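J.: One structure, pasted below without further comment.
The values are calculated or read from the model by the stated rules, or taken from the named source; none is laboratory data. On a predicted model such as this, the values are computed, not experimentally measured, just so you know. When we count neighbours, we look across all protein chains shown, and the Cβ atoms used for this are built from the backbone with ideal geometry, even at glycine.
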Amino acid sequence: MPPKEERIDGLSGKKMAAIAGIVVAAVLLAVTTVWYLTTDRAKASLTQAMQKADVSIAAQDYVGARKTLEDAIAAFPNRYDKAEITAPAQKRLQVIAAKTAEQEALAAITDIKTKMATGDYQKAIDAANKAIRNFSDTPSNKDLLDLLAIATEKLKNQQTTDAVKAEAEQKRKEQEAKVRHERFIKYRDEGDTAFNAATPNYTAAVTAYEKALVLCQP
């Protein structure tokens with residue numbers, strides 16, 4: 001009887017080992033299946049996001065395209081090959097960044113031209129310098145440099161013209177002041193003459209003094 005019990009125990013051990021192996025294999029198969037299904041869904045979602053982003057890029061909706069791609073990349077599972085699989089999406093983000101910069105550079109050019117059209121050359125120069133710092137690596141950089149040169153030249157000419165006008169205005173004021181002073185002296189002397197005459201002419205003196213006083217007013 002004892003040997004029979006040992007045989008039964010031995011068979012039970014083998015069965016248990018077999019069952020355990022089957023369970024492990026089943027678990028591994030399930031995990032592998034889930035992994036592949038998850039991977040396929042993640043890839044499909046990423047592909048859909050890139051297609052949606054391409055439509056937005058074509059419509060020049062770079063903000064929307066960037067958000068779509070960034071959300072898709074963030075949602076993609078953290079795997080050893082995530083960088084490789086999401087590389088096309090990352091490349092699109094680089095394209096979007098370049099297109100966004102060029103779009104903003106063109107807007108800056110429009111703003112600079114508007115400032116120049118109104119004669120505000122200093123603000124145009126400030127805006128051009130800022131745009132050149134921000135968009136030096138865009139195709140519009142040459143246009144920005146050209147606008148800066150034009151605005152600088154126009155500001156120089158404007159300052160020269162203003163200086164000439166200011167000098168002319170100063171001379172005009174000085175000449176006007178000189179004439180007013182000469183007339184003041186003339187009326188004052190006339191008043192003194194009338195007032196100090198052997199027979200004072202007070203009426204004439206008052207009239208002359210009043211004319212002189214008027215010239216003293218600003």
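J.: So for segment 43-54 (the condition being part of a helix (DSSP H, G or I) and within 30 Å of residue 158 (Cβ to Cβ)), does at least one residue qualify? Before the answer, list the steps.
T.: Filtering segment 43-54 down to residues part of a helix (DSSP H, G or I) leaves 43-54.
Then drop every residue that is not within 30 Å of residue 158 (Cβ to Cβ), which leaves none.
No, segment 43-54 contains no residue that is part of a helix (DSSP H, G or I) and within 30 Å of residue 158 (Cβ to Cβ).
J.: Same structure again: Being of a type in the set (D, E, K, R) and touching a residue at least 40 places away in the same chain (Cβ under 8 Å) is the filter here, so list the residues in segment 96-110 that pass it.
T.: Of everything in segment 96-110, just one residue is of a type in the set (D, E, K, R) and touching a residue at least 40 places away in the same chain (Cβ under 8 Å), namely 99.
Per-residue answers, yes or no, for (1) modelled with pLDDT of 95 or more; (2) more than 19 Å from residue 115 (Cβ to Cβ); (3) over 21 Å from the mean Cα position of the chain (by Cα); (4) part of a helix (DSSP H, G or I):
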{"residue": "152", "(1), (2), (3), (4)": "yes, no, yes, yes"}
{"residue": "156", "(1), (2), (3), (4)": "yes, no, yes, yes"}
{"residue": "160", "(1), (2), (3), (4)": "yes, yes, yes, yes"}
{"residue": "172", "(1), (2), (3), (4)": "no, yes, yes, yes"}
{"residue": "175", "(1), (2), (3), (4)": "no, yes, yes, yes"}
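J.: Across segment 109-123, what is the number of residues that are within 25 Å of residue 139 (Cβ to Cβ) and part of a loop (DSSP other than H, G, I, E, B)?
T.: Residues that pass the stated criteria total 0.
J.: Pairs under 9 Å by beta carbon, first residue over 22 Å from residue 101 (Cα atoms) in segment 111-132, partner acidic (Asp, Glu) and in a loop (DSSP other than H, G, I, E, B), six or more apart or different chains?
T.: Listed by first residue and then by second, the contacts come to nothing, as the list is empty.
J.: If residue 199 passes every condition in (1) in a helix (DSSP H, G or I); (2) exposed (fewer than 11 other Cβ atoms within 10 Å of the Cβ) but one, which one does it miss?
T.: (1)
J.: If you check residue 132 against the conditions, is it part of a helix (DSSP H, G or I), modelled with pLDDT of 95 or more, of a type in the set (A, V, I, L, M) and under 18 Å from the mean Cα position of the chain (by Cα)?
T.: yes
J.: With the structure loaded, tell me whether residue 74 is more than 30 Å from residue 139 (Cα to Cα), among the aliphatic types (A, V, I, L, M) and modelled with pLDDT of 90 or more or whether it fails that test.
T.: For residue 74, the condition - more than 30 Å from residue 139 (Cα to Cα), among the aliphatic types (A, V, I, L, M) and modelled with pLDDT of 90 or more - is met.
J.: Separate question: Please tell me if residue 93 is over 30 Å from residue 44 (Cβ atoms) and free of Cβ contacts under 8 Å to residues at least 60 places away in the same chain.
T.: Spelling it out, it is not the case that residue 93 is over 30 Å from residue 44 (Cβ atoms) and free of Cβ contacts under 8 Å to residues at least 60 places away in the same chain.
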